[in-house]
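Engineer: Just dropping this structure here.
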Amino acid sequence: MNRITIEEIVKAVNGSLLQQGSESYIDGVKQDSRECEAGDLFVAIKGDNLDGHTYIPQALENGCRTLLISDESRMPEENTYGGINVIKVNDTVYALGELAGYYLGTLNVKKVAVTGSVGKTSVRDMIYYVLSEKYNCGRNMKNYNNLIGLPLSIFCFDSSTEAVVLEMGMDRTGEIDRLAEIVKPHIGVITNIGMAHIENLGSRHGIFRAKMEIAKHIKGEDGKRGTLIYAADDEFLTRETTVGPYNQISVGKDGKSDYIISSIDDFGIEGIQFSLEHNEEIRKIKVPVPGMHNAVNSSLAVAVGNILGVTAEAAEKGLAKVELTGSRLKIVSGKSVRIIDDTYNASPDSMKSALKVLAGSRNSGRKTAILGDMYELGAESSRQHFGVGVFAGNLDIDTLIAVGEAAKHIAEGASGGSLKTLYYKSKDDLINDMDQFVGSGDLILVKGSRGMRMEQIVESILKY
């Protein structure tokens, strides 16, 4: 991070300097007091369960000498820790975003923002690897894609950064609007419109409107038009529905898109290969990431790279190096089994994609899917879980084990066919019986929503 003066901070966040200390600048921003050190700004955030103001003493003891607060009554005594800067605002989360937006504006970087119901992090990572063939590129830390995590990620960039790709998540209307307002992207990318967060947004139309909030803030470099790139679906993401004061680029398998995908070869856990046509030129692209859906994801990355001057050859080199963040179709080997660890999160679309990876993988032993609850589906929950079960029942899989309250509907949907189906209400019961289902040479998919903590099942399988 480049240094920011205290004067700049006060102005950027429209705050009040209640107390002026001896330090005139910061070179780091933290919201976790345990990570604070000399030169940092500590942002005291009030959450549902914790109030960051409580941890001000710990931040100061760790060397921090600048505070951003919203509760003046929690301000430390002036002489307790020596000279410290105390800046007060009404809302520290909003102020954190304002400061991040200001700081990002001081950097001469090309800005790409990514959102969508599923695949955001995968597309972000793929764009990062493509752009890294030409630029010193930055991206979100881990999966930090919300109103706190995205700003904190921005403070990791400095004057050596030439391009940034920032993932934007949401679970309600207005969040993408705020995140895009902070970033002001030159290029916006929408991966798809699915079912994730339908409980809060009411319908896929509501999800579409929320994702399209990104488009309001697309602005090109040097007064030029910005660009919106999207995966065409003939329903929500079309040229007509995404029109705006920016260029539009579509990616799809329909033969009408700007980037046309065809001839996808699925090698299961070994990755995919497909043809991509653009401007009457067809290239064969290999990606070492499982899942046919990643043909679309990687094509979105190629499109971004093309706009920013990355050659097709360089984009292919970048995609060949892709390693996805976190437990996303990650192949893990136990003593005698292999696991497809896709425990990061789950939605109906991503669940079906993961099942196709399992079914399409070459394996000498059995293929087993262990599927947990999918959250935030609201009134659609039972139907969507049942649909995943029906989908699994038509694939080349030996056993399906559903675990969790809502997952019983997955088991119901899969029952009645040749697929062996089992149901457990609790993970503990399943883990206790694990030796009944795990055998040498097995390939096991584990997937469920983040709150299910399905990684505990992965840890249990790794013992075998």
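Engineer: Taking the criterion of being among the hydroxyl-bearing types (S, T, Y), open to solvent by 10 Å² or more (accessible area, probe 1.4 Å) and either under 30 Å from Y344 (Cβ atoms) or in contact (Cβ under 8 Å) with a residue 60 or more places away in the chain (or both), would at least one residue in the stretch 100-115 satisfy it?
Structural biologist: So the first thing to find is which residues in the stretch 100-115 are among the hydroxyl-bearing types (S, T, Y), and the list is 102-103, 106, 115.
Remaining after also requiring open to solvent by 10 Å² or more (accessible area, probe 1.4 Å): 102, 106.
From what is left, the residues that are either under 30 Å from Y344 (Cβ atoms) or in contact (Cβ under 8 Å) with a residue 60 or more places away in the chain (or both) are 102, 106.
The answer is yes, given that some residue of the stretch 100-115 is among the hydroxyl-bearing types (S, T, Y), open to solvent by 10 Å² or more (accessible area, probe 1.4 Å) and either under 30 Å from Y344 (Cβ atoms) or in contact (Cβ under 8 Å) with a residue 60 or more places away in the chain (or both).
Engineer: Go through (1) surrounded by 19 or more Cβ atoms within 10 Å (Cβ to Cβ); (2) small (G, A, S); (3) not in a loop (DSSP other than H, G, I, E, B) and name the single condition G291 misses.
Structural biologist: Every listed condition holds for G291 apart from (3).
Engineer: Please go through the stretch 201-212 and pick out each residue that is under 20 Å from I127 (Cβ atoms) and either in contact with a helix residue (DSSP H, G or I) (Cβ under 7 Å, 6 or more places away or on another chain) or open to solvent by less than 20 Å² (accessible area, probe 1.4 Å) (or both). Show your work before the answer.
Structural biologist: So the first thing to find is which residues in the stretch 201-212 are under 20 Å from I127 (Cβ atoms), and the list is 211-212.
Of everything in the stretch 201-212, just one residue is under 20 Å from I127 (Cβ atoms) and either in contact with a helix residue (DSSP H, G or I) (Cβ under 7 Å, 6 or more places away or on another chain) or open to solvent by less than 20 Å² (accessible area, probe 1.4 Å) (or both), namely K211.
Engineer: In the stretch 315-346, which residues are surrounded by fewer than 23 Cβ atoms within 10 Å (Cβ to Cβ), in a loop (DSSP other than H, G, I, E, B) and among the hydroxyl-bearing types (S, T, Y)?
Structural biologist: T325, S327, S336, Y344
Engineer: Which one is farthest from V109 (Cα to Cα), of the residues in the stretch 128-185 that are polar (S, T, N, Q) and in contact with a strand residue (DSSP E or B) (Cβ under 9 Å, 6 or more places away or on another chain)? Before you say what the answer is, go through the steps one by one.
Structural biologist: From the stretch 128-185, those polar (S, T, N, Q) are 132, 136, 140, 143, 145-146, 153, 159-161, 173; that's our starting set.
Subset that is in contact with a strand residue (DSSP E or B) (Cβ under 9 Å, 6 or more places away or on another chain): 132, 136, 140, 143, 145, 153, 161.
Details: S132: 13, N136: 10, N140: 15, N143: 21, N145: 19, S153: 14, T161: 7 Å.
For the stretch 128-185, the residue satisfying everything is N143.
Engineer: Now, a different point. Give the number of residues within the stretch 1-34 that are surrounded by 14 or more Cβ atoms within 10 Å (Cβ to Cβ) and either of a type in the set (S, T, Y) or closer than 23 Å to D158 by Cα (or both).
Structural biologist: Total meeting the criteria: 19.
Engineer: Among I264, I260, which is touching an Asp or Glu at 6+ places or on another chain (Cβ under 9 Å), free of Cβ contacts under 8 Å to residues at least 60 places away in the same chain and either basic (K, R) or not in a loop (DSSP other than H, G, I, E, B) (or both)?
Structural biologist: Values: I264 fails: touching an Asp or Glu at 6+ places or on another chain (Cβ under 9 Å).
Among I264, I260, only I260 is touching an Asp or Glu at 6+ places or on another chain (Cβ under 9 Å), free of Cβ contacts under 8 Å to residues at least 60 places away in the same chain and either basic (K, R) or not in a loop (DSSP other than H, G, I, E, B) (or both).
Engineer: Exactly one condition in (1) of a type outside the set (A, V, I, L, M, F, W, C); (2) buried (at least 19 other Cβ atoms within 10 Å of the Cβ); (3) closer than 17 Å to M126 by Cβ is false for T311; which is it?
Structural biologist: Condition (2) is where T311 drops out.
Engineer: Residue check: is I69 of a type in the set (V, I, T), closer than 23 Å to D27 by Cβ, out of contact with any strand residue (DSSP E or B) (no Cβ under 6 Å at 6 or more places or on another chain) and at pLDDT 90 or above?
Structural biologist: Values: of a type in the set (V, I, T): yes; closer than 23 Å to D27 by Cβ: yes; out of contact with any strand residue (DSSP E or B) (no Cβ under 6 Å at 6 or more places or on another chain): no; at pLDDT 90 or above: yes.
Judged against the criteria, I69 is not a match.
Engineer: How many residues are out of contact with any Asp or Glu (no Cβ under 7 Å at 6 or more places or on another chain), more than 11 Å from G116 (Cβ to Cβ) and crowded, with 23+ Cβ neighbours inside 10 Å if we restrict to the stretch 184-200?
Structural biologist: 2
Engineer: For the stretch 66-82: of the residues being part of a loop (DSSP other than H, G, I, E, B) and farther than 25 Å from Y144 by Cβ, which is farthest from the chain's Cα centre (by Cα)? It would help to see each step written out before you state the result.
Structural biologist: Quick first cut of the stretch 66-82, residues part of a loop (DSSP other than H, G, I, E, B) only: 70-71, 75-82.
Cutting the leftovers down to farther than 25 Å from Y144 by Cβ gives us 75-82.
Working: M75: 35, P76: 37, E77: 41, E78: 41, N79: 43, T80: 41, Y81: 39, G82: 41 Å.
Taking the candidates together, the pick is N79.
Engineer: Taking G82, is it surrounded by fewer than 21 Cβ atoms within 10 Å (Cβ to Cβ) and under 19 Å from S33 (Cβ atoms)? Working first, answer last.
Structural biologist: Numbers: surrounded by fewer than 21 Cβ atoms within 10 Å (Cβ to Cβ): yes; under 19 Å from S33 (Cβ atoms): yes.
The answer is yes for G82.
Engineer: Scan the stretch 186-207 for residues that are touching a strand residue (DSSP E or B) at 6+ places or on another chain (Cβ under 8 Å) and part of a loop (DSSP other than H, G, I, E, B) and jot them down.
Structural biologist: Here is the first cut: in the stretch 186-207, the residues touching a strand residue (DSSP E or B) at 6+ places or on another chain (Cβ under 8 Å) are 186-192.
Those that are touching a strand residue (DSSP E or B) at 6+ places or on another chain (Cβ under 8 Å) and part of a loop (DSSP other than H, G, I, E, B): H186, T191, N192.
Engineer: Find the residue count for the stretch 395-412, including only residues that are open to solvent by 10 Å² or more (accessible area, probe 1.4 Å) and either over 18 Å from F437 (Cα atoms) or not small (G, A, S) (or both).
Structural biologist: Quick first cut of the stretch 395-412, residues open to solvent by 10 Å² or more (accessible area, probe 1.4 Å) only: 395-399, 405-406, 408-409, 411-412.
Now drop any that are not either over 18 Å from F437 (Cα atoms) or not small (G, A, S) (or both), which leaves 395-399, 405-406, 408-409, 412.
Counting residues in the stretch 395-412 that are open to solvent by 10 Å² or more (accessible area, probe 1.4 Å) and either over 18 Å from F437 (Cα atoms) or not small (G, A, S) (or both) gives 10.
Engineer: Considering only the stretch 257-272, state which residues are surrounded by 19 or more Cβ atoms within 10 Å (Cβ to Cβ), within 10 Å of G360 (Cβ to Cβ) and not small (G, A, S).
Structural biologist: D266, I269, I272
Per-residue answers, yes or no, for (1) closer than 20 Å to V403 by Cα; (2) under 17 Å from the mean Cα position of the chain (by Cα):
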{"site": "N297", "(1), (2)": "no, yes"}
{"site": "G305", "(1), (2)": "no, no"}
{"site": "A320", "(1), (2)": "no, no"}
{"site": "A346", "(1), (2)": "yes, yes"}
{"site": "D349", "(1), (2)": "yes, yes"}
{"site": "S353", "(1), (2)": "yes, yes"}
{"site": "L358", "(1), (2)": "yes, no"}
{"site": "N363", "(1), (2)": "no, no"}
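Engineer: From the residues in the stretch 208-243 that are part of a loop (DSSP other than H, G, I, E, B) and in contact with a strand residue (DSSP E or B) (Cβ under 7 Å, 6 or more places away or on another chain), which one is nearest to N145 (Cα to Cα)?
Structural biologist: From the stretch 208-243, those part of a loop (DSSP other than H, G, I, E, B) are 218-220, 224-226, 232-243; that's our starting set.
Subsequent filtering for residues that are in contact with a strand residue (DSSP E or B) (Cβ under 7 Å, 6 or more places away or on another chain) retains 218, 225-226, 232, 237, 239, 242.
Working: I218: 18, R225: 25, G226: 22, A232: 24, L237: 22, R239: 27, T242: 23 Å.
Top of the filtered list is I218.
Engineer: Hey, can you tell me all the residues within the stretch 158-181 that are over 25 Å from R450 (Cα atoms) and crowded, with 23+ Cβ neighbours inside 10 Å?
Structural biologist: A163, V164
Engineer: Among the helices (runs of 4 or more DSSP H) lying completely within the stretch 379-464, list those that include at least 3 residues that are aliphatic (A, V, I, L, M) and more than 18 Å from K356 (Cβ to Cβ).
Structural biologist: Qualifying helices (runs of 4 or more DSSP H): 455-461.
The values are calculated or read from the model by the stated rules, or taken from the named source; none is laboratory data. These numbers were taken from a predicted model, which means no experiment stands behind them. Cβ atoms come from the backbone with ideal geometry, glycine included; neighbour counts cover every protein chain shown. Only protein heavy atoms, including side chains, enter the accessible area calculation; ligands, DNA and RNA are left aside. Shrake-Rupley method; radii C 1.70, N 1.55, O 1.52, S 1.80 Å.
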